[in-house]
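What follows is a set of notes on a single structure, which appears directly below.
The values are calculated or read from the model by the stated rules, or taken from the named source; none is laboratory data. Note that this is a predicted model, so its numbers are computed, not measured. Here the Cβ positions follow ideal geometry from the backbone for every residue, glycine too, while neighbour counts run over all protein chains shown. Surface accessibility is based on the protein's heavy atoms, side chains included, excluding ligands, DNA and RNA. Shrake-Rupley method; radii C 1.70, N 1.55, O 1.52, S 1.80 Å.
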Amino acid sequence: MAGTGVFAELVDGDGVFKYYSSGEWKKSSSGKSVPIINPTTRQPHFKVQACTQEEVNKLMEEAKTTQKSWAKTPLWKRAELLHKAAALLKEHKVPIAECLVKEIAKPAKDAATEAVRSGDLVSYCAEEGVRILGEGKFLVSDSFPGNERTKYCLTAKIPLGVILAIPPFNYPVNLAVSKIAPALIAGNSIVLKPPTQGAVAALHMVHCFHLAGFPKGLISCVTGRGSEIGDFLTMHPMVNCISFTGGDTGIAIAMKAGMIPLQMELGGKDACIILDDADLDLAAANIVKGGFSYSGQRCTAVKVVLVMESVANALVEKVKAKVAKLTVGLPEDDSDITPVVTESSANFIEGLVVDAKQKGATFCQEYRREGNLIWPLLLDNVRPDMRIAWEEPFGPVLPVIRITSVEEGIHHCNASNFGLQGCVFTRDISKAILISDAMETGTVQINSAPARGPDHFPFQGLKDSGIGSQGITNSINMMTKIKTTVINLPTPSYTMG
Ligand SMILES: NC(=O)c1ccc[n+]([C@@H]2O[C@H](COP(=O)([O-])OP(=O)(O)OC[C@H]3O[C@@H](n4cnc5c(N)ncnc54)[C@H](O)[C@@H]3O)[C@@H](O)[C@H]2O)c1
């Protein structure tokens, strides 16, 4: 159970979860806490410390100092500790999953999968790190015009320093370790600021790193409201890199951050283009899985279907039939559709539904909501003047726009301010490639719904969907900088065989 057994030291006498600094679990001197509301009951379920700016300063100082000695720790030893943490994450998947169920209403099975997938990510990262960080480059001067071979240049990838990691609520464990593991294997220290909903799951995950035996101060986890300590963290002079996943907040952070590398994974409006030769059963199955898994609260959820008019009726019927089979209810019962994360999120989704209704969209099901629980809804005949055509609902509501040409579909996709992923369904691979090339998104999936994983694939958003490319290899590289040492010879020397 959460906060018991090996996790008992995470909780203070008042039942508030502590924050992690100097290798210890601590109470904040603020004496204040932040409640975490269970999306299902809409009642406070957990509480976390509301940390102060002084506490942030202290852990930043430690992160800076400890990173120097961590950078001198052999790569294989760093990998060894990461493998230990990975095993602990998997061993403790039950309490971690329980937190995800209570904090973010993630269906029970998916919650356990997140913990296991996170362990796998950490292990893969350790292995990838020892390979790619163990290699550098050797350059010689005579390849550039006018030079003899008098200079040998050695390049190495070195750590950036202190990495600030800010994950979102929907994958508070997986999207935290996708930042923590690359940072650590590359020799950086890490300051984690988890989302409020999902903070307790993240604290349990951090405890697995604690139990693995990482040096004190190398990893810290500070809790409190993003709106209160967020700016203080992101503008902190000791932060050398920010790795952020979330919504538009990321754009504001990018405007305020100093001259430091930024990794931004932001929102999306992933389009699914269906051509008239598509396998409609395959497309319908992917639309339902892509659009409604975790109640649509995924950055790579299918967020708009653009279907050729000639097959639209058939496709909509198939999707409707599958939507009717989705179970709606409690995350504890592993329902397909569970309450969305907050009441304000549910209100926002409802606003998009009301707008679509007023502007004449066809409702394939009756709109139904109880508290934060919204029944899955397919909206047909959506037009570009409706908000749902462009905005990210982050809920179980999916718009269908009927198109009369492929160009119309590509145009809609590219007119979006987002450019995360997209997908196309057709039996003609040549057409699929041409459409993929034309779509202005970081990734295009052919004949499958958008997806982030497997976690070693490159993953990136264009336009307002982000900066930089993630995926294990790219994240390790992103969290390093290049250092060169040049050996100058007194006379040219050409290596002989
Ligand atoms: N591209 C991706 O890889 C990806 C993955 C998952 C989610 N997302 C996006 O995330 C969004 C949903 O997640 P969310 O609601 O948690 O996003 P959010 O932007 O509201 O919050 C993200 C994180 O930022 C923190 N935060 C809030 N204000 C802050 C501030 N001023 N300074 C620093 N941190 C602050 C939050 O506490 C949270 O930890 C969606 O838009 C979704 O598309 C993107």
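Cβ-Cβ under 8 Å, sequence separation 6+ or interchain: first residue in region 31-59 and in contact (Cβ under 8 Å) with a residue 12 or more places away in the chain and open to solvent by 10 Å² or more (accessible area, probe 1.4 Å), partner aliphatic (A, V, I, L, M) and in a helix (DSSP H, G or I). Which pairs?
Once the first residue is in contact (Cβ under 8 Å) with a residue 12 or more places away in the chain and open to solvent by 10 Å² or more (accessible area, probe 1.4 Å) and sits in region 31-59, its partners that are aliphatic (A, V, I, L, M) and in a helix (DSSP H, G or I) give Phe46/Ala199; Phe46/Val200; Cys51/Ile229; Gln53/Ile229.
Could you please tell me which pairs satisfy a Cβ distance under 8 Å, a separation of 6+ or placement on different chains, a first residue in region 268-296 that is not assigned by the TED database to the domain that holds Ile337 and assigned to a helix (DSSP H, G or I), and a second residue that is within 16 Å of the ligand (Cβ to nearest atom) and open to solvent by 40 Å² or more (accessible area, probe 1.4 Å)?
Listed pairs, sorted by first residue: none to list.
Of the residues Thr52, Thr4, Thr40, only one is under 24 Å from the mean Cα position of the chain (by Cα), among the polar types (S, T, N, Q) and farther than 26 Å from Ser178 by Cβ; which?
Thr40
Return the total of residues in region 213-229 being polar (S, T, N, Q), within 14 Å of the ligand (Cβ to nearest atom) and touching a residue at least 12 places away in the same chain (Cβ under 8 Å). If you could, list the steps in order and put the result at the bottom.
First, pick out the residues of region 213-229 that are polar (S, T, N, Q): 220, 223, 227.
Subset that is within 14 Å of the ligand (Cβ to nearest atom): 223, 227.
Checking the rest, the ones that are also touching a residue at least 12 places away in the same chain (Cβ under 8 Å) come to 223.
Qualifying residue count, region 213-229: 1.
Within region 421-447, restricting attention to residues that are touching a Phe, Trp or Tyr at 6+ places or on another chain (Cβ under 9 Å) and open to solvent by less than 10 Å² (accessible area, probe 1.4 Å), which residue is nearest to the ligand (Cβ to nearest atom)?
Selected residue: Gln421.
Of the residues that make up region 132-150, is at least one under 18 Å from Phe214 (Cα atoms) and charged (D, E, K, R)? Don't jump to the end; show me each part of the working.
Taking region 132-150 as the starting set, the residues that turn out to be under 18 Å from Phe214 (Cα atoms) are none.
No, region 132-150 has no match at all.
Being within 16 Å of the ligand (Cβ to nearest atom) and among the charged types (D, E, K, R) is the filter here; which residues of region 254-289 pass it?
Result: Lys256, Glu265, Lys269, Asp270.
So which strands (runs of 3 or more DSSP E) stay within region 108-181 end to end and still have 3 or more residues that are buried (at least 24 other Cβ atoms within 10 Å of the Cβ) and within 16 Å of the ligand (Cβ to nearest atom)?
In region 108-181, 162-166 are the strands (runs of 3 or more DSSP E) which contain 3 or more residues that are buried (at least 24 other Cβ atoms within 10 Å of the Cβ) and within 16 Å of the ligand (Cβ to nearest atom).
Give me the residue from region 394-436 that is touching a residue at least 40 places away in the same chain (Cβ under 8 Å) and in a helix (DSSP H, G or I) and, out of that set, nearest to Ser295 (Cα to Cα).
Checking each candidate, the answer is Cys413.
Quick one: which of Thr52, Thr73, Thr66 is over 25 Å from Phe7 (Cα atoms) and of a type outside the set (Lys, Arg)? Full working, then the answer.
Values: Thr52 fails: over 25 Å from Phe7 (Cα atoms); Thr66 fails: over 25 Å from Phe7 (Cα atoms).
So the residue among Thr52, Thr73, Thr66 that is over 25 Å from Phe7 (Cα atoms) and of a type outside the set (Lys, Arg) is Thr73.
So in region 230-253, with the set limited to residues that are over 24 Å from Cys299 (Cβ atoms) and open to solvent by less than 50 Å² (accessible area, probe 1.4 Å), which one is farthest from the ligand (Cβ to nearest atom)?
Met238
Which one is farthest from Asn240 (Cα to Cα) among residues in region 62-72 that are surrounded by fewer than 15 Cβ atoms within 10 Å (Cβ to Cβ) and in contact (Cβ under 8 Å) with a residue 12 or more places away in the chain?
Once the filter is applied, the top-ranked residue is Ser69.
More than 16 Å from the ligand (Cβ to nearest atom), in contact (Cβ under 8 Å) with a residue 12 or more places away in the chain and either open to solvent by 70 Å² or more (accessible area, probe 1.4 Å) or polar (S, T, N, Q) (or both) - does that describe any residue in region 361-369?
Filtering region 361-369 for residues more than 16 Å from the ligand (Cβ to nearest atom) gives 361-369.
With in contact (Cβ under 8 Å) with a residue 12 or more places away in the chain added as a condition, the list becomes 361-365, 367, 369.
So of that shortlist, the ones also either open to solvent by 70 Å² or more (accessible area, probe 1.4 Å) or polar (S, T, N, Q) (or both) come out as 362, 365.
Taking every residue of region 361-369 in turn, at least one turns out to be more than 16 Å from the ligand (Cβ to nearest atom), in contact (Cβ under 8 Å) with a residue 12 or more places away in the chain and either open to solvent by 70 Å² or more (accessible area, probe 1.4 Å) or polar (S, T, N, Q) (or both).
Every residue in region 344-389 that is farther than 24 Å from Arg402 by Cβ and in a helix (DSSP H, G or I), please.
Ser344, Ser345, Ala346, Asn347, Phe348, Glu350
Tell me whether region 303-323 contains one or more residues that are outside any helix (DSSP H, G or I), within 13 Å of the ligand (Cβ to nearest atom), of a type outside the set (Lys, Arg) and crowded, with 24+ Cβ neighbours inside 10 Å.
No: region 303-323 contains no residue that is outside any helix (DSSP H, G or I), within 13 Å of the ligand (Cβ to nearest atom), of a type outside the set (Lys, Arg) and crowded, with 24+ Cβ neighbours inside 10 Å.
Take the conditions within 13 Å of the ligand (Cβ to nearest atom), under 17 Å from the mean Cα position of the chain (by Cα) and more than 20 Å from Ile273 (Cα to Cα) and apply them to Gln470. Does it pass?
When the stated conditions are applied, Gln470 passes them.
Could you grab the pairs with beta carbons closer than 7 Å, sequence gap of 6+ or different chains, first residue in region 478-496 and closer than 30 Å to Ile467 by Cβ, second one assigned to a loop (DSSP other than H, G, I, E, B)?
Met478/Pro261; Met478/Gly468; Met479/Leu160; Met479/Ala186; Met479/Asn188; Thr480/Leu160; Thr480/Ala186; Lys481/Leu160
Looking at Ile253, Ile229, which is the one that is in a helix (DSSP H, G or I) and in contact with a Cys (Cβ under 9 Å, 6 or more places away or on another chain)?
Unique residue meeting the criteria: Ile229.
Give me the residue from region 1-47 that is of a type in the set (A, V, I, L, M) and part of a strand (DSSP E or B) and, out of that set, nearest to Lys93 (Cα to Cα). Full working, then the answer.
In the first step, residues of region 1-47 are kept if they are of a type in the set (A, V, I, L, M); the result is 1-2, 6, 8, 10-11, 16, 34, 36-37.
Checking which are part of a strand (DSSP E or B) leaves us with 11, 34, 36-37.
Details: Val11: 19, Val34: 25, Ile36: 20, Ile37: 22 Å.
Ranking the qualifying residues of region 1-47, first place goes to Val11.
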